[in-house]
Amino acid sequence: MDCSGASDRPNPIALIEEACNRIYSLARETSLMWLPHDPPVPGSARLFAKMEQQQVTGSFKVRGAANKIFSLDQEVAARGVVASSTGNHGLGVAAAAHSRGIDAEVFLSFQVPELKWKKIESYGARIRMIGESPLNAELAARAAAQDSGRTYISPYNDWQVMAGQGTIAVELLQQMRNIDAVFVATGGGGLISGIGSYLKARSPQTEVVACWPENSRVLYECLHAGRIADYPETYTLSESTAGGVEPGSITFDLARDVISRSVLVSEDGILDAMVWAYQHGWTIEGSAAVALAAFFADPSRYDDKNVVVVFCGGNLSPEVDARLRQRSSA
């Protein structure tokens, strides 16, 4: 199945299945956990979470980074790789590069807190702090990669990165026979494109629900407009999904083809979902809580159905961690 709609483009399903033979020397298969049936979960939905906060780097991003880096031929890999990130993608790139024994340089804006860049640095990657916004870091990283002949690893606009993220769907179908809906936090679209492409081919009855914070919904607006464009954003607890969509991104067509339904959630809804998970023993970051909050917005819609919420990561910035603990103790 070619979800891209173009015969000269790669087959996403083949790429995802190839990724399953490539990434597990680093990435791990994460568990599917039943979530308790207490407020705010009325009705009779059977709710589960895919626990990507259990990944080696605390986020699903290592899947795509590993698949891309492990797919490079030896000559290309030996030149090293470059990435820009707000945290999780850079951590995945650093871990995958360390695993392969190649050089990695990660560009970060000065907005990225010390805790995050120190984690990236702990894998041996070199850190470059550039500018006051993620866009500043991305432009500098792309220029550095081009000038040096190294490979730039995009967080979403890359077939191999998308395929690595899609291995989550392969695991899900091995872990649960019948899935009626999957809720996925959506930023640049790499995660939902990978998961959705595989589910549409192998479990077409599964509803793929794209979830965005109201404050940062660039791809949502692009899909509604029918084209990639800039859209204003404001601060969101869902730090990992913030940011725009680059022109020509492969995820625009893929996401348009696989998304069954879209949900926007408020910042209060995100924080409430984080608190609910925390009170049940799971620390999840804002992007994971976006998907949970989207389900909480209308749980009765899924009465008597099997629903999976992707807990895409558990790496909190100090600011978000402080807000979570304050709300939890209130």
Qualifying residue in region 125-148 (condition: under 22 Å from ALA27 (Cα atoms) and over 18 Å from the mean Cα position of the chain (by Cα)): yes
Subset of region 292-321 that is under 20 Å from ASN215 (Cα atoms) and small (Gly, Ala, Ser) - its residue that is nearest to the chain's Cα centre (by Cα): GLY313
Residues located in region 253-291, provided they are more than 18 Å from the chain's Cα centre (by Cα) and of a type in the set (A, V, I, L, M): LEU271, VAL275, ALA277
Condition check for THR186: surrounded by 23 or more Cβ atoms within 10 Å (Cβ to Cβ), hydroxyl-bearing (Ser, Thr, Tyr) and touching a residue at least 24 places away in the same chain (Cβ under 8 Å): yes
Residue satisfying all of: in region 69-120; among the small types (Gly, Ala, Ser) and outside any helix (DSSP H, G or I); farthest from VAL161 (Cα to Cα) among these: SER109
Breaking point among (1) surrounded by 17 or more Cβ atoms within 10 Å (Cβ to Cβ); (2) assigned to a helix (DSSP H, G or I); (3) without any contact (Cβ under 8 Å) to a residue 40 or more places away in the chain; (4) not small (Gly, Ala, Ser), for ILE228: (2)
Residues that are out of contact with any Leu (no Cβ under 7 Å at 6 or more places or on another chain) and among the aliphatic types (A, V, I, L, M), drawn from region 33-64: MET33, ALA45, MET51
Residue pairs meeting the criteria (Cβ under 9 Å; at least 6 apart or on separate chains; first closer than 13 Å to LEU237 by Cβ and in the same structural domain as ALA185 (by TED's automatic domain parsing), in region 283-311; second among the aromatic types (Phe, Trp, Tyr) and part of a loop (DSSP other than H, G, I, E, B)): ALA288/TRP282
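The values are calculated or read from the model by the stated rules, or taken from the named source; none is laboratory data. In this text, all values refer to a predicted model and were calculated from it rather than measured experimentally. Backbone-built Cβ (ideal geometry, glycine too); neighbour counts: all protein chains shown.
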